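Worksheet: one structure, shown below.
Since every read-out is calculated from the coordinates, none of them should be taken as a lab result. Not measured: the values here are computed from a predicted model. No Cβ is skipped: glycine too gets one built from the backbone with ideal geometry, and neighbour counts run over all protein chains shown.
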Amino acid sequence: MKINIGSSTLELVQGDITSETTEAIVNAANSSLLGGGGVDGAIHRAGGPTILEECKKLGGCPAGVAKITTGGNLAAKYVIHTVGPIFRGGDSGEAEILRSAYRNSLRTASENGIRSLSFPSISTGAYGYPLEEASRVALAEVMTYLEEHSDIDLVRFILFGKHAYEAYEKALMSLSKEKSRKV
Ligand code: AR6
């Protein structure tokens with residue numbers, strides 16, 4: 001599924017983010033930035049040891065913040081590492097931290113002249129954020145950023161499996177409807 005926001009495109013794809021050809025891919029890391037499981041493990045395995053070498057020099061990354069390294073052996077030129085919230089029921093500021101992880105990743109892309117980037121579904125694996133809620137937060141934040149900034153041409157969400165893809169598709173359809181009603 002694909003929608004246009006101003007001159008930018010927002011696209012949902014089912015797949016593996018390590019084979020993405022956008023200029024940057026976003027990693028759902030942990031605060032140490034020293035690797036882990038899930039999408040983080042997959043990115044470090046596919047990208048090779050130079051990504052970890054660069055991460056070691058970054059001094060970690062608090063939840064909601066984003067940092068950048070090169071892409072090592074990946075097709076993507078850069079990896080933007082961000083850290084989502086650990087879900088603790090929803091009343092501990094998780095949504096704001098998740099919004100800020102997306103916003104700061106997009107800002108990092110803009111600051112580095114990156115015009116296309118791909119996101120995984122941050123926090124919805126090991127960190128336990130329910131997919132239905134996380135997909136709305138993620139898409140709403142990216143849509144707002146693209147409405148306000150024209151420097152990024154393409155944002156893709158790479159959803160790992162049918163269940164994640166369908167959750168994002170449902171959220172995007174409902175958010176697009178809500179926006180068109182407001183216009
Ligand atoms: N491509 C795209 N998405 C993927 C891939 C892949 N290759 N592999 C997994 N996913 P998670 P989190 C999806 O656990 O919840 C790590 O250990 C996965 O199905 O990777 O933010 C870090 O080091 C899920 O939908 O990240 C942290 O300690 C989504 O990516 C912790 O996990 C996120 O799942 C971060 O947890």
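Run A42 past the list (1) more than 14 Å from the ligand (Cβ to nearest atom); (2) of a type outside the set (S, T, Y); (3) touching a residue at least 24 places away in the same chain (Cβ under 8 Å) and report the number of the one that doesn't hold.
With (1) more than 14 Å from the ligand (Cβ to nearest atom); (2) of a type outside the set (S, T, Y); (3) touching a residue at least 24 places away in the same chain (Cβ under 8 Å) applied to A42, the lone miss is (1).
Would you mind listing the strands (runs of 3 or more DSSP E) fully within segment 65-176 where at least 1 residues are among the basic types (K, R) and crowded, with 20+ Cβ neighbours inside 10 Å?
66-70, 154-159
Among the numbered criteria (1) of a type in the set (S, T, Y); (2) within 13 Å of the ligand (Cβ to nearest atom); (3) closer than 19 Å to P130 by Cβ, which single criterion is violated by S100?
Single failed check for S100: (2).
Between residues in segment 66-91 that are within 15 Å of Y102 (Cα to Cα) and residues that are more than 15 Å from the ligand (Cβ to nearest atom), which pairs lie under 6 Å by C-beta distance while being six or more apart or on different chains?
Hits for this filter: A66/T108; I68/Y78; I68/T108; I80/I68; I80/T108.
Give me the pairs: first residue in segment 1-25 and without any contact (Cβ under 8 Å) to a residue 12 or more places away in the chain, second residue near the ligand (Cβ under 10 Å from one of its atoms), beta-carbon distance under 7 Å, and six or more apart or on different chains, which are they?
Qualifying pairs under 7 Å: none.
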